[in-house]
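Below is one structure, written out as structure tokens, with a few remarks after it.
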Amino acid sequence: MADAEEITAVGRNKKTIKVGDAVKYVNSDTISRVTEIKKDEQEKVWVLLEKTDLWYKEETLEYTDLRPTEKKEEREFTAEELEERFRKERETMQSFDVGKAGGGGAGG
């Protein structure tokens, strides 16, 4: 397999796509940065997107000047942080007066 940096893809809009470029997946409008490009045994070109960590056929992507949103880092919460979060949610729910909520159902 050739080095991923040397392989380029050609998107649906006929623009060249390289590792590091921003692309849009045309079926969902997902915008992401390209992390890797490879060719399979049939010489089809596949592009790995950072945001989804999935491989896409080159013809399903379009090069774009739009900036992808940064991938959020996942973090673990401490037990204290979780307890505080649940306490605040419980207080919010308890202060909601169901009797003041507008009806909308058919009743009579």
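A short reminder: the numbers here are calculations on the coordinates, not readings from a lab. All values reported here derive from a predicted model rather than from experimental measurement. Cβ coordinates were reconstructed from backbone atoms using ideal geometry, including for glycine residues, and neighbour counts include every protein chain displayed.
Which GluC sites (Glu not before Pro) in region 27-59 pass both tests, a DSSP loop state and at most 11 other beta-carbon atoms within 10 Å?
E41, E43
Please rank I7, I17, fewest neighbouring Cβ atoms within 10 Å first, as an exposure proxy.
So the residues, fewest neighbours to most, are I7, I17.
What's the magnitude of the charge dipole for region 9-63 around its Cα centre, counting Lys and Arg as +1 and Asp and Glu as -1 at the beta-carbon? Answer in Debye, nearest 20.
Rounded to the nearest 20 debye, it is 200 debye.
Report ³J(HN,Hα) in whole Hz for each residue of region 35-47, in order, from the Karplus equation J = 6.51 cos²θ - 1.76 cosθ + 1.60 where θ = phi - 60°; Gly and Pro get x.
Taking θ as phi minus 60°, the curve returns 9, 7, 9, 9, 10, 8, 4, 8, 6, 7, 9, 10, 10 Hz for region 35-47.
Could you give each residue of region 11-16 its phi-based ³J(HN,Hα) in whole Hz, using Karplus coefficients 6.51, -1.76, 1.60 with θ = phi - 60°, and x for Gly or Pro?
3J(HN,Hα) across region 11-16, in whole Hz: x, 4, 8, 6, 9, 5.
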